[in-house]
């Protein structure tokens, strides 16, 4: 009599027809988890069967009626029919003669393939993003510039590392190193924008009468 082959793992997984199937033995029970649906619309379902320790690894088949999982433990044999969003336990080993046997891989081996070496616990998409970020080099940010904004006789603009606000013949600047203590209140012509002296009454460029 041929010797039965011991299972090489206590958890197996498979992806079949949009379904993710996980079979895990823990203590006296075997738990089958099913995840179906696309991203954002996934449905999960699980059932447990009292099989005892596995005598052989679980086997997954595609039959004319759908997917069937065959379990053989020290305490019991059982089957589980699998559909989209449904799991049903059969209290005996179902006949699978002539059915297509599908691959059930050890979960640890699948996890190792999904996680790049040295990036354990990080999803494949996250690892790819991290690798791309490392190849881009330092990020450079240009100084923020904003188109002048007007509200009545007030004008506000940003650029060159500072912000400037003009109202009437007064101009205020912020965000630049202080150079001239009188610069914060420097006068300018509200008509053409050129700087004017504090004691000027008319603009030397456009002739507009100055106020203030």
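Divide the volume of the convex hull of the Cα atoms of the stretch 19-110 by its number of residues and quote the answer in cubic angstrom per residue.
That works out to 102 Å³ per residue.
In nm, what is the difference between 0.36 nm times the number of residues separating residue 77 and residue 16 and their Cα-Cα distance?
Gain on extension, residue 77 to residue 16, equals 19.6 nm.
Rule-based calculations on the coordinates, nothing more; no lab input. Only a predicted model underlies this, so the values are computations on that prediction, with no experimental measurement involved.
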